[in-house]
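Here's the structure, in structure tokens; my notes come after.
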Amino acid sequence: MTVNGKPILVQKFGGSSLSDTARLEVCADRVVAALERGYRVVVVVSAMGRTTDRLLDLAGSLGGEPDPRALDLLLATGELASTAMMAMALAQRDIKATPLGGREAGIRTDPHHGRARILSIDPTRLSDLMSVGVVPIVAGFQGGSPNGEITTIGRGGSDTTAVAIAAALDAGETGGGCEIHTDVDGIHTADPRIVGEARRVDVIGSDEMLELAAVGAGVLQERAVVFARRYDVPLRVLHSQHGGPGTVILREVEGMERNSVVGCALRRELGRVGVSGLSVGAGPQSAIFSALADAGVMVDDIVQTADAATISLAFTVDLADLPMARDTVRSAVDRFPPAEAAAVGIDVEIGLAKVSVVGSGMRSTVGVAGRMFEALADSSVPILNITTSEIRISCLVPQDRGEIALSAVHEAFGLDAAAEGGPSLGLAGGTGEPPED
């Protein structure tokens, strides 16, 4: 889609990039520069700095569990404040801008407060504003439910908002796609705060980026990468204050020799739930994981073992979700026939992390797993569990050995040396800021 013959670009600015007025004004200059390059621009903003955390602390100071609807209303004010500040900064630069909440921007979600999913976006309001030379400033992280209530779409949701708007406006088809402006200069081969030798890379495939986002590379929110891949929206991750080329994320990366492993990531603060003594058959698994899904618990790394009489399950979750996961499993088991329920044991484990290596070159390379396991063994990192996909290998390790594990695998696959020389290797696994909102 174009507006008055001009291509569309969506620019998203994260909370750390808006943490004070000086930084916000640099971001406003980025918007002006895009307009001068001939784009019609939609801006999506996160809450300024750690506003969302402060609002959560404020709600928590009252004690008890806040009402989800009321909490969404409170949290949404952070992004709304950012839209107003950005609009005022652009006005100082003689740029007409209109601040919009998620509902006003046409973002429709399901009714699940705190973890809503985007159902659709009506881009009419955005297109109408751009057609008369006005820059829409959209509050990320929020939308409106079918009954008109404000909903929020989870931490890091402003990335998802930006990519979804770009998709709704066909900005990837004829425009500039979506820019994610953050506090790092792109995607890295590992988290540069942990691995000093990590390097920025120029381009990455979206399938690889999706794997990395899922296992701990915090520059981009996983749902945003899913949207970008599904709707073929090119993404570029840029440093909001320093500029530079950043990293481009494309659906397909062609014409390059792919390394077997091109990025690694560390996901910390994990817990594991173990369930033993389940009766053989599909019924117990279905009951447990359906209950977890209904409770909104995101489950990772499921392992099942069985003998002739019983089944044991184990799965990991974010540590913050561990109490709910445990209680949900207990409730599901309590609905089993009494004899079956009495035989089931449930235990939890904390202090876990997951180190992962990712690369599309794994499909055609032997020995990747062996090299990873050898690197961990040489660094005295015990492997508690192993899971894989076609382009990823992940090892569950003790959290206090997580950083050592990340550095070991980064070195084992030569990512620091490889990223320094020649053309882009096509991937990164590092992060700077955690998902905001």
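When you check Val299 against the structure, is it touching a residue at least 40 places away in the same chain (Cβ under 8 Å) and β-branched (Val, Ile, Thr), yes or no? Spell out the reasoning first.
On the way: touching a residue at least 40 places away in the same chain (Cβ under 8 Å): no; β-branched (Val, Ile, Thr): yes.
So Val299 does not fit the description; no.
Which residues, taken from segment 176-188, are in contact with a helix residue (DSSP H, G or I) (Cβ under 9 Å, 6 or more places away or on another chain) and either part of a strand (DSSP E or B) or surrounded by 20 or more Cβ atoms within 10 Å (Cβ to Cβ) (or both)? Steps first, please.
Let us first name the residues in segment 176-188 that are in contact with a helix residue (DSSP H, G or I) (Cβ under 9 Å, 6 or more places away or on another chain), namely 176-183, 187-188.
Matches in segment 176-188: Gly176, Gly177, Cys178, Glu179, Ile180, His181, Thr182, Ile187, His188.
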Number of the condition not met by Thr388 [criteria: (1) outside any strand (DSSP E or B); (2) at pLDDT below 95]: (1)
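Of the residues Gly101, Gly78, Gly114, which single one is in contact with an Asp or Glu (Cβ under 9 Å, 6 or more places away or on another chain), closer than 21 Å to Gly14 by Cβ and modelled with pLDDT under 95?
Only one candidate qualifies: Gly114.
Working carefully through the options Asp159, Asp207, Asp202, find the one that is farther than 18 Å from Ile107 by Cβ and either within 16 Å of the chain's Cα centre (by Cα) or crowded, with 20+ Cβ neighbours inside 10 Å (or both).
Values: Asp159 fails: farther than 18 Å from Ile107 by Cβ; Asp202 fails: either within 16 Å of the chain's Cα centre (by Cα) or crowded, with 20+ Cβ neighbours inside 10 Å (or both).
Just one listed residue meets the conditions, Asp207.
Being surrounded by fewer than 23 Cβ atoms within 10 Å (Cβ to Cβ), part of a strand (DSSP E or B), in contact (Cβ under 8 Å) with a residue 24 or more places away in the chain and assigned by TED's automatic domain parsing to the domain that holds Leu100 narrows it down to one residue among Arg236, Arg223; which is it? Write out each step before concluding.
Numbers: Arg223 fails: part of a strand (DSSP E or B).
Unique residue meeting the criteria: Arg236.
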Evaluation of Asn147 against (1) within 28 Å of Ala214 (Cβ to Cβ); (2) modelled with pLDDT under 95 (one fails), failing number: (1)
Options Val248, Val253; residue that is in a loop (DSSP other than H, G, I, E, B), at pLDDT below 95 and surrounded by 18 or more Cβ atoms within 10 Å (Cβ to Cβ): Val253
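When you scan segment 57-73, how many residues do you find that are under 24 Å from Arg23 (Cβ atoms) and surrounded by 17 or more Cβ atoms within 10 Å (Cβ to Cβ)?
Residues of segment 57-73 under 24 Å from Arg23 (Cβ atoms): 57-58.
Narrowing the set further to residues that are surrounded by 17 or more Cβ atoms within 10 Å (Cβ to Cβ) leaves none.
Total satisfying the criteria: 0.
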Filtered residues of segment 294-318 (kept if aliphatic (A, V, I, L, M), surrounded by 12 or more Cβ atoms within 10 Å (Cβ to Cβ) and outside any strand (DSSP E or B)): Ala295, Val297, Met298, Val299
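Just checking, does segment 106-125 include any residue being basic (Lys, Arg), under 16 Å from Thr161 (Cα atoms) and part of a helix (DSSP H, G or I)?
yes
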Filtered residues of segment 162-174 (kept if surrounded by fewer than 24 Cβ atoms within 10 Å (Cβ to Cβ) and either at pLDDT below 90 or under 15 Å from the mean Cα position of the chain (by Cα) (or both)): Gly172, Glu173, Thr174
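Rundown of residues vs (1) part of a helix (DSSP H, G or I); (2) in the same structural domain as Thr51 (by TED's automatic domain parsing); (3) in contact (Cβ under 8 Å) with a residue 40 or more places away in the chain, yes/no style:
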residue	(1), (2), (3)
Ile137	no, yes, yes
Pro146	no, yes, no
Val163	yes, yes, yes
Ala166	yes, yes, yes
Ala190	no, yes, yes
Glu197	no, yes, yes
Leu210	yes, yes, no
Close pairs from segment 22-39: first farther than 16 Å from Lys12 by Cβ, partner among the small types (Gly, Ala, Ser), Cβ under 8 Å, at least 6 apart: Glu25/Ala89
All positions within segment 274-285 that are farther than 28 Å from Ser356 by Cα and surrounded by fewer than 20 Cβ atoms within 10 Å (Cβ to Cβ): Gly277, Ser279, Val280, Gly281, Ala282, Gly283
Contacts under 9 angstrom Cβ, first residue in segment 40-55 being in contact (Cβ under 8 Å) with a residue 12 or more places away in the chain and over 22 Å from Val135 (Cβ atoms), partner among the acidic types (Asp, Glu) and not in a helix (DSSP H, G or I), 6 or more apart: Gly49/Asp20; Arg50/Glu436; Thr52/Glu436; Thr52/Asp437
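Select, from Ser356, Ser276, the only residue that is in a strand (DSSP E or B), in contact with a Cys (Cβ under 7 Å, 6 or more places away or on another chain) and in contact (Cβ under 8 Å) with a residue 60 or more places away in the chain. Write out each step before concluding.
Working: Ser276 fails: in contact with a Cys (Cβ under 7 Å, 6 or more places away or on another chain).
After applying the criteria, what remains is Ser356.
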Test set (1) under 30 Å from Val409 (Cα atoms); (2) at pLDDT below 95 - Glu374 fails condition number: (2)
Contacts under 7 angstrom Cβ, first residue in segment 334-346 being outside any loop (DSSP other than H, G, I, E, B), partner among the basic types (Lys, Arg), 6 or more apart: Ile346/Arg326; Ile346/Arg330
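The values are calculated or read from the model by the stated rules, or taken from the named source; none is laboratory data. All figures in this text were calculated on a predicted structure; none of them were measured in a lab. As a convention, Cβ positions derive from the backbone with ideal geometry for all residues, glycine included, and neighbour counts pool all protein chains shown.
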